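**Student:** Structure below; questions to follow.
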Amino acid sequence: MRKKIVAGNWKMNTDLKEGMELAKAVEKLEQEKQSDALVIIAPPYTHLSRVNDLIDGVKLGAQNCASEESGAYTGEIAPDMLVSVGVEYVIIGHSERRSFYHEDDALLNKKTKIALSKGLKPIFCCGEVLEEREGGKLYDVIREQLSVGLAGLSKEDMSKIVIAYEPVWAIGTGVVATPDQAQEMHKFIRDLLVELFDKQVAEDMTILYGGSCKPSNASEIFANPDVDGGLIGGAALKAEDFLAIVNAY
């Protein structure tokens, strides 16, 4: 059975004190959750070590990692550095990294491979912008992102990866993909994994929905057969809202 996951991406929010308070609140509520979904939080880099000391049932993720092991890369954070402070998961290819920092599929493939080599579990993001959806290119975009981004990975590698579908047109806009739209794309991704790898990889893959998911719509979205959880942004900054999404299962 596929693993159900709800991951909170805090993005560039909270100072250290606020982050520690939020982590403690999430950990406390996680102990009282009513679902078996795995809970992950991805705070800013500056919080990771301290937050790791505060959580037990909740898993620790990072929002990004470097494509190199070490060296003269000012401002970058190497995968080994993340592992050393207790990080288990790392978000790779978030739409904001793709659009604001121009990270392309080849670079994201390199990041995925180095993250895997260091024992991290990538949450690999893919998704189309509004112009691509309206232009009928949505499936071509997802095919390209996954074909290149996951190129050269083994079936064993794929067993350690989570995919997150982000309808970019629904992130931070208040617009949410309908449950049917979410299911349609999640099924396309699963079918594509059969082509790229095999049926077993596709059936075992956890695919998260990452577009303005909140307590009011989580149950309906998660009810889809190919949606295995969510990558949550704004709603992850309030422990009660975040855990309400977890309990949507």
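The values are calculated or read from the model by the stated rules, or taken from the named source; none is laboratory data. Worth saying up front: this structure is predicted, and the values here are computed from it rather than measured. Positions of Cβ are generated from backbone atoms using ideal geometry, with glycine treated the same way; all protein chains shown enter the neighbour counts.
**Student:** Kindly provide the set of residues from region 215-247 that are part of a loop (DSSP other than H, G, I, E, B) and hydroxyl-bearing (Ser, Thr, Tyr), ordered by number. Spell out the reasoning first.
**Tutor:** Residues of region 215-247 that are part of a loop (DSSP other than H, G, I, E, B), as a first pass: 215-217, 223-228, 233, 238, 247.
SER216, the sole residue that qualifies.
**Student:** Output the residue which, of all residues in region 109-123 that are assigned to a loop (DSSP other than H, G, I, E, B) and buried (at least 16 other Cβ atoms within 10 Å of the Cβ), is farthest from the chain's Cα centre (by Cα).
**Tutor:** Within region 109-123, the first condition is being assigned to a loop (DSSP other than H, G, I, E, B), and the residues that meet it are 118-120.
The next check asks that each one be buried (at least 16 other Cβ atoms within 10 Å of the Cβ); those that pass are 118, 120.
On the way: LYS118: 18, LEU120: 13 Å.
Going through the qualifying residues, I end up with LYS118.
**Student:** Next question, about the same structure. What residue, of GLY61, GLY71, GLY93, is at pLDDT 95 or above, closer than 12 Å to ALA42 by Cα and of a type outside the set (D, E, K, R)?
**Tutor:** Numbers: GLY71 fails: closer than 12 Å to ALA42 by Cα; GLY93 fails: closer than 12 Å to ALA42 by Cα.
Testing whether each residue is at pLDDT 95 or above, closer than 12 Å to ALA42 by Cα and of a type outside the set (D, E, K, R) leaves just GLY61.
**Student:** Only one of (1) over 18 Å from the mean Cα position of the chain (by Cα); (2) in a helix (DSSP H, G or I); (3) not basic (Lys, Arg) is not met by ILE142, so which one is it?
**Tutor:** (1)
**Student:** Related question: Taking only region 149-158 into account, find how many residues are acidic (Asp, Glu) and either crowded, with 17+ Cβ neighbours inside 10 Å or over 25 Å from ALA62 (Cβ atoms) (or both). So that I can check it myself, show each step before the final result.
**Tutor:** Residues of region 149-158 that are acidic (Asp, Glu), as a first pass: 156-157.
Add one more test, that the residue is either crowded, with 17+ Cβ neighbours inside 10 Å or over 25 Å from ALA62 (Cβ atoms) (or both), and what stays is 157.
Adding up the residues that qualify gives 1.
Per-residue answers, yes or no, for (1) within 22 Å of ILE171 (Cβ to Cβ); (2) of a type in the set (D, E, K, R); (3) more than 19 Å from the chain's Cα centre (by Cα):
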site	(1), (2), (3)
ILE5	yes, no, no
LYS11	yes, yes, no
MET20	no, no, yes
LYS24	no, yes, yes
LEU29	no, no, yes
LYS33	no, yes, yes
ASP36	no, yes, no
PRO44	yes, no, no
LEU48	no, no, no
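**Student:** Out of everything in region 175-214 that is more than 18 Å from the chain's Cα centre (by Cα) and assigned to a loop (DSSP other than H, G, I, E, B), what residue ends up being nearest to GLU96 (Cα to Cα)?
**Tutor:** It comes out as VAL175.
**Student:** Now a separate question. Can you report the number of residues in region 45-93 which are touching a strand residue (DSSP E or B) at 6+ places or on another chain (Cβ under 9 Å) and charged (D, E, K, R)?
**Tutor:** Number satisfying all stated conditions: 2.
Results for (1) surrounded by 13 or more Cβ atoms within 10 Å (Cβ to Cβ); (2) within 26 Å of PHE197 (Cβ to Cβ); (3) touching a strand residue (DSSP E or B) at 6+ places or on another chain (Cβ under 9 Å), shown as yes or no for each residue.
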residue	(1), (2), (3)
CYS125	yes, yes, yes
VAL129	yes, no, no
GLY135	no, no, no
TYR139	yes, yes, no
SER147	yes, yes, no
LYS160	yes, yes, yes
GLU166	yes, yes, yes
ALA170	yes, no, no
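**Student:** Where residues in region 25-49 are buried (at least 18 other Cβ atoms within 10 Å of the Cβ) and β-branched (Val, Ile, Thr), which of them is farthest from GLU76 (Cα to Cα)?
**Tutor:** VAL26
**Student:** Say whether the condition of being modelled with pLDDT of 95 or more, touching a His at 6+ places or on another chain (Cβ under 9 Å), surrounded by fewer than 16 Cβ atoms within 10 Å (Cβ to Cβ) and hydrophobic (A, V, I, L, M, F, W, C) is met by at least one residue in region 16-24.
**Tutor:** yes
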